[in-house]
Amino acid sequence: MRCATPTSRTALVSNTVQQSKPTVSSVVEQLASKLHLAGITDARRTATDILAAVLEVPRLWPVMNREAAVDSTAAVTATRAAERMVKGAPFGYAVGCVAFRHLNLVVDERVLIPRPETELLVEEILLRMEKVFRNGRPWGTAADIGTGSGAIALSLASEGRFQSVIATDASNDALTVARINASRSATALRVRVDFRQGSLLAPLGGQKVAVLASNPPYVSFAEMDSLPPSVRDWEPPIALFSGHDGLAATKELVRAGSRNLMTGGLLALEVDERRASLVAEMVMRHGTYMDVGVRLDLAGRERFVFASRI
Ligand code: GLN
């Protein structure tokens, strides 16, 4: 399933009710009852969110436009999304897209659904680079390792002043989705994103970069059972799990990242909240980084580790 494209959006809603066209409120009611019957809590809120996502309008729009007509194609798309949620799919896969910073990204089971906390990883990178390059000079090259849907790389390419952005992923399937997102976001991008297939930093070869960003897999095998089923049973294991301690990918990023970062370059990692201090210690002990720090996400959990290459 795809999100409605911006060009088709105008065709999907209209302000006047035409005969045979369902209204926002009738579609929401119909979706809500399906969701409610399946035991999904907050069914009406979810139904409203599904319709908003399908129409690519703000979440509040359906609430403010209850009598607007909904094109039957959109109504069918929304119904299919609700049916996928009834089967247990997470919201992002059900509607086929997710908002990430300024971008609207398509997602399906080939990629991890970008989380709101990862928006903060991007935010922090942009703030730090702005601070270092106050004189308006370009920022060099950023690399997003394990890009998945392309969320981090595409945001950096659209919001930063990088001269080039590289995005790597071990999964060709993920890169297919990321490339679709790159072409959907083309007008927002200041530079092209260079997608490269391969494990972690391997696709960089010896190339030195100014920013090494990653939201790697960081869940341990032992933690698998404690994940919500909508994550465990739906999202790609390659994007979630990283060895018996959840740190296999992170360790490699710290170790090999030191080779690929230029002096003064920024290492920016998303980590599991239970292992943030462990990762910070690991980065410090490596001996090639300075200014090692842990940042919190909006829920106050230790979620990011930042460091500069000496
Ligand atoms: N943050 C994800 C979760 O909560 C895990 C993503 C990852 O391993 N990078 O399930």
Selection within the stretch 202-217 - of a type in the set (A, V, I, L, M) and either more than 19 Å from Q163 (Cα to Cα) or within 11 Å of the ligand (Cβ to nearest atom) (or both): A202
Can you tell me which residues in the stretch 191-225 are in contact with a Lys or Arg (Cβ under 9 Å, 6 or more places away or on another chain) and exposed (fewer than 14 other Cβ atoms within 10 Å of the Cβ)? G206, M224, D225
Subset of the stretch 87-122, residues more than 13 Å from the chain's Cα centre (by Cα) and free of Cβ contacts under 8 Å to residues at least 12 places away in the same chain, comes to K87
Number of positions in the stretch 54-99 that are assigned to a helix (DSSP H, G or I), open to solvent by less than 20 Å² (accessible area, probe 1.4 Å) and touching a helix residue (DSSP H, G or I) at 6+ places or on another chain (Cβ under 6 Å): 10
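Suppose we filter S220, S242, S226, S230 for residues that are free of Cβ contacts under 8 Å to residues at least 12 places away in the same chain, within 13 Å of the ligand (Cβ to nearest atom) and polar (S, T, N, Q); which single one remains?
Every option except S226 fails the conditions.
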Go through the residues of the stretch 248-266 one by one and say whether even a single one is under 20 Å from the mean Cα position of the chain (by Cα) and over 24 Å from V132 (Cα atoms). yes
Could you tell me whether any residue of the stretch 150-157 is open to solvent by 10 Å² or more (accessible area, probe 1.4 Å) and part of a loop (DSSP other than H, G, I, E, B)? no
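If I filter the stretch 173-188 for residues that are free of Cβ contacts under 8 Å to residues at least 40 places away in the same chain and of a type in the set (D, E), do I get at least one hit? It would help to see each step written out before you state the result.
Initially, the stretch 173-188 is screened for residues free of Cβ contacts under 8 Å to residues at least 40 places away in the same chain, giving 175, 179, 182-183, 186-187.
Okay, now just the ones that are also of a type in the set (D, E), so none.
Taking every residue of the stretch 173-188 in turn, none turns out to be free of Cβ contacts under 8 Å to residues at least 40 places away in the same chain and of a type in the set (D, E).
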Could you tell me whether any residue of the stretch 13-32 is among the acidic types (D, E), open to solvent by less than 70 Å² (accessible area, probe 1.4 Å) and at pLDDT 95 or above? no
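I'm checking my understanding of the structure. Among residues of the stretch 130-144 that are assigned to a loop (DSSP other than H, G, I, E, B) and closer than 11 Å to R161 by Cα, which one is most open to solvent (accessible area, probe 1.4 Å)? Explain how you work it out, then say what you get.
Applying the first criterion (assigned to a loop (DSSP other than H, G, I, E, B)) to the stretch 130-144 yields 133-140.
Narrowing further to those that are closer than 11 Å to R161 by Cα: 133, 136-140.
Details: F133: 30, G136: 46, R137: 128, P138: 64, W139: 4, G140: 17 Å².
In this case the residue turns out to be R137.
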Which residue out of A276, A299, A268 is open to solvent by less than 30 Å² (accessible area, probe 1.4 Å) and either more than 22 Å from E123 (Cα to Cα) or out of contact with any Leu (no Cβ under 8 Å at 6 or more places or on another chain) (or both)? A276
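The values are calculated or read from the model by the stated rules, or taken from the named source; none is laboratory data. Worth saying up front: this structure is predicted, and the values here are computed from it rather than measured. Counting neighbours? That spans all protein chains shown, and the Cβs are built from the backbone with ideal geometry, glycine included. Side chains included, ligands, DNA and RNA excluded: accessible areas come from the protein's heavy atoms. Shrake-Rupley method; radii C 1.70, N 1.55, O 1.52, S 1.80 Å.
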